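Written out below as structure tokens is the structure these notes cover.
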């Protein structure tokens with residue numbers, strides 16, 4: 001009788017864990033698919049909240065925290081584009097960068113080692129902080145972002161998102177400071193090519209950005 005009870009208990013635990021794993025995978029799959037479709041700051045904010053809820057329910061999984069960080073930083077980037085230059089960007093952007101850093105720190109702790117995608121988010125966070133005051137921010141956060149991107153490239157030389165961010169840097173930097181639309185175009189082309197060959201670790205691993213690379217390639221080609 002005792003052995004039967006143990007078997008039943010073990011089967012119940014296995015089935016519960018399997019069902020929980022299935023729910024996690026399905027929920028994450030739906031939200032990860034939305035990463036390449038969101039086009040508004042409000043949409044990114046909602047997605048950040050959704051990933052954070054998943055992270056709170058699945059406290060041992062690093063990917064929800066990673067995506068929550070990505071969504072927070074993209075909320076900042078989209079808001080930045082809609083704000084007047086004279087407005088107090090710091091009150092809006094700094095808290096979003098802080099939240100992104102907090103989520104990313106949790107992802108790093110759970111993963112337990114360096115990952116190229118972490119450095120990519122670090123670079124994006126630096127970009128958001130830099131835009132609070134671009135005239136002075138680039139001196140502090142420019143080198144921080146450049147170092148993060150270099151670390152990402154060292155860990156994963158063929159990562160298409162590395163080339164995407166390098167291209168954006170070249171695209172937005174004035175020519176007198178090293179920017180170049182022609183070089184940006186080559187980097188965007190390289191990014192798109194790598195999206196075709198770069199294989200994610202799992203179905204839920206980061207795959208975002210190809211649509212953005214295509215958009216910027218069109219902009220750089222004008």
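Every number in this text was worked out from the coordinates using simple rules, so none of it is lab data. If you're wondering where the values come from, they're calculated on a predicted model, not measured in any experiment. Note that each Cβ is placed from the backbone with ideal geometry, even for glycine, and that neighbours are counted across all protein chains shown.
With a simple spin-label model that places each label point 7 Å from the Cα along the Cα-to-Cβ direction, the separation between residue 218 and residue 197 comes to 2.6 nm.
Summary value for the chain: 15 percent relative contact order, contacts being C-alpha pairs under 8 angstrom separated by 6+ residues. Applying 1/(1 + (r/R0)^6) with R0 = 25 Å to the Cβ-Cβ distance of residue 105 and residue 34 gives a FRET efficiency near 0.60. Relative to the longest principal axis of the Cα atoms of the chain, the long axis of helix 116-130 lies at roughly 50 degrees. Relative to the longest principal axis of the Cα atoms of the chain, helix 134-155 runs at roughly 50 degrees. To the nearest 10 degrees, how steep is helix 181-197 against the longest Cα principal axis of the chain, on a 0 to 90 scale? Roughly 20 degrees, rounded to the nearest 10. At the listed q of 0.16 Å⁻¹, the Debye profile of the chain, built from one uniform point per Cα, gives log10 I(q)/I(0) equal to -1.14. By the count of other C-beta atoms within 10 Å, a proxy for reagent exposure, 67, 215 are ordered fewest to most as 215, 67.
By the helix-only formula, in which each DSSP H run with n ≥ 4 contributes -39500 (n - 2.57) and the sum is divided by residues, the chain has a 222 nm mean residue ellipticity of -26500 deg cm²/dmol.
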